[in-house]
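Here's the structure we're looking at; comments come further down.
Derivation of every value follows stated rules applied to the coordinates shown; laboratory data play no part. Everything numeric here is computed off the predicted structure, so don't read it as measured data. In this analysis, Cβ positions are derived from the backbone assuming ideal geometry, glycine residues included, and neighbour counts consider all displayed protein chains.
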Amino acid sequence: MSNPWQLSSARIVEKTAETPGVATYVLQLTDDSLRRRFQFRPGQFNMLYVPGLGEAAISISGNPIQEGLIPHTIREAGNVTHAISSLSTGDTLGLRGPFGSSWPTELCEDRDVILVAGGIGLAPLRPVIFDMLSNRDRYRRCTVLMGARDPSGLLYESDYEDWKRRGVDVLVTSDRPADGWHGNVGVVTTLLDRLPLPDPASALLMTCGPEVMMWYTAQTAVARGIAEESIYVSLERNMNCAIGLCGHCQFGPHFLCKDGPVFRFDKVASILRISDL
Amino acid sequence: MNQPATSDVWYFPKDGLTELIRVLQEDGFDVIGPTVDQGAIVYASIQSAEDLPKGLTDIQEAGSYRLEKRNDESLFGYVVGPHSWKKFLFPPISVVAAADRIEGHWEFSTPEEPQRPFAFLGVRACELAAIRVQDQVFLKGPYVDPIYQRRRESAFLIAVNCTQAASTCFCTSMKTGPRCQSGYDLGLTELKDGFLLEIGSERGQQLSRSLSLRPTTAAEMAEGDLRRQQAADQIHRTLETDGLPNLLKQNLRSSHWDDVGRRCLSCTNCTMVCPTCFCSSVTEVADLNGDHINRERRWDSCFNPEFSYMHSGIARDSIPSRYRQWMTHKLSSWHDQFGTSGCVGCGRCITWCPTGIDLTVEVLAIREAAATVESVDRGTNHE
């Protein structure tokens, strides 16, 4: 068995500014055979390593079937992500992964699928959108509900028209009013409140964003008739080893790095509202 | 010389221990055993039986440990101290990976430090159980820790049956002792003038062929039984494990966490002395020019606030929440994660807590509070 601590060298082949403080880095493993072998499932993450500063767990925001290119959309939040933000195309960093559980795209066949994202939370869901676009016939109605604190936080906004044209509806909201914003104002659950749901029993919802947002999204979804077993959330805790051996990311009985980050809502619902767990 | 068969019990006199240690050394083992340092019995490299604590015993209570002279020459007349074998199998500091800047590019490696195989002399029943628990964590999951694996697979385990217990021991509640049942290569019981030796593995059998053993007498067997029974008889502390994982899951909002949180200093002692706690953090250690970096894994503790740090804040930012995390992990969620309790009943966390917090007492308090609530408002969901 290979050593789970072994890092691989990855080169930044493209860097795109997104929303304020957020950029997408397309990485490519420098080793040919590793590059060909690398595969991930939507919702999984990599550990990205800046020598001397450490690792950060970053979800993969790319297309699972696009070989060799591994995009990560990263917000500057701590030492490591701050250091990554100063890197440019051609620079290399370390990578371990992919790790963790994934969104249940295999359960989406012939179902209405709703993605609910808050801010940077759209990044781990983007691989599901790529899957919808590639396999549009397999899904029934595809809807993305996207909320941000203000309109400047609408991640991947320039892609929304393309997604809509290809059959993935996108509804957006801003938590606060803003100059020049004529769209919906209010938290993302207000979009879910009003979303036409002809067949909630067959709907499947995946959500990623702040924990409190995901909690209220799940409550709204249940109130709209979506089963708890058809709701999936992606949780976040301090991740250090990514292989279930360091203890940091524990949440109740779960290690978020290997049992998560994606959980079926009913598996974590009872512990989500216990403070400081 | 006699050729022992696997299940038999053999006898060797006290000075046979010198021979045992010498044979292990000749086989290339770094022999680790109990020694006295700073007023406590700790595990360290030993050269001969002379290094073992002779005629000493330990007096342990909640928040208290001291060594006293015995009125005999016993070499293993005490129980467990602040060290456990975890220190050798899962070292407090180890390099998991390294990065080297070569001509402007980073190259990554996972260095393998040469390590003499260990022979552990004096592994108690609760410690065999603790090693089994850590095997489950580091070797049996989807990812294997290569540092633990290398050290564990080559280690030679010589168990010693306890012939007495401390007031903090509760291995009988956790069904881990005091008798060493399996998981060792050789098993010893110390008698007045010698040792009973049991063979627990093929490796143990092979090594025993180099030892001067003779069959036991009925009197020696009886003396061994008596001494081992004495340890069992001295254990009075109990931890009721029946329904314990669920009890804690149903009492995550108990006010008792605040009560124990007021007494807990969050000092991490309990997690450092615990033979099963495995939390760690990797930190970056760079050379002066920053061209060579060791990724050092160090023991960490869920009692450190920054252990649960996220950019949005510290997940467990209060002592009650951290004590709850430690205890519910150890006694409840460990079962979900690894199919076993994380507690082996060694009592170290009780002895080495500077404020004398005793997890068996805390569990009892939660159990009794839950029973009271249940009888008051039966039928409501108070999760």
The protein assembly as shown - charge dipole about Cα centre, Lys and Arg +1 at Cβ, Asp and Glu -1, debye rounded to 20: 600 debye
Equivalent ellipsoid, the range B:67-198 (semi-axes from 5 times Cα gyration tensor eigenvalues, Å): 37, 16, 14
Let me check the size of chain B from its C-alpha atoms; what are the radius of gyration and Dmax in Å? 22.7, 74
Express the relative contact order of the range A:105-234 as a whole percentage, based on alpha carbon pairs under 8 Å and six or more residues apart in sequence. 28 percent
Please give me the summed charge of the neighbours of A:Ser174: other residues whose Cβ is under 9 Å from its Cβ, Lys and Arg +1, Asp and Glu -1. 0
Quick one: angle between helix A:211-223 and the longest Cα principal axis of chain A, in degrees between 0 and 90, rounded to 10, please. 30 degrees
Spatially proximal lysines relative to B:Lys175 (Cα-Cα < 17 Å; intrachain offsets below 8 disregarded): B:Lys330
Quick one: Cα centre-to-centre distance for the range A:83-162 and the range B:289-344, in angstrom? 30 Å
Name the lysines eligible as straight-distance cross-link partners of B:Lys69: C-alpha to C-alpha under 25 Å, and not fewer than 8 places from it in the same chain. B:Lys14, B:Lys54, B:Lys192
Would you mind checking the tilt of helix A:122-134 against the longest principal axis of the Cα atoms of chain A, expressed as 0 to 90 degrees and rounded to 10? 80 degrees
Aspartates and glutamates within cross-link reach of B:Lys86: Cα-Cα under 16 Å, excluding same-chain residues under 8 positions apart? B:Asp30, B:Glu127, B:Asp135, B:Asp145, B:Glu153, B:Asp300
Could you tally the net charge around B:Gln325, taking each other residue with its Cβ under 12 Å from the Cβ of B:Gln325, Lys/Arg +1 and Asp/Glu -1? +3
Using the beta-carbon distance between B:Ser255 and B:Glu306 and R0 = 45 Å, what value does 1/(1 + (r/R0)^6) give for FRET efficiency, to the nearest 0.05? 0.95
For the range B:237-340, take N as its residue count and report Rg(C-alpha) divided by 2.2 N^0.38 Å. 1.30
Any cysteines in chain A with zero other Cys Cβ atoms under 4.7 Å from their Cβ? List them, or say none. A:Cys108, A:Cys142, A:Cys208, A:Cys249, A:Cys257
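Over chain A, consider all pairs of different Cα atoms and compute the Kirkwood hydrodynamic radius from their mean reciprocal separation; express it in Å, one decimal.
Taking the inverse mean of 1/r over all distinct Cα pairs, chain A comes out at 19.1 Å.
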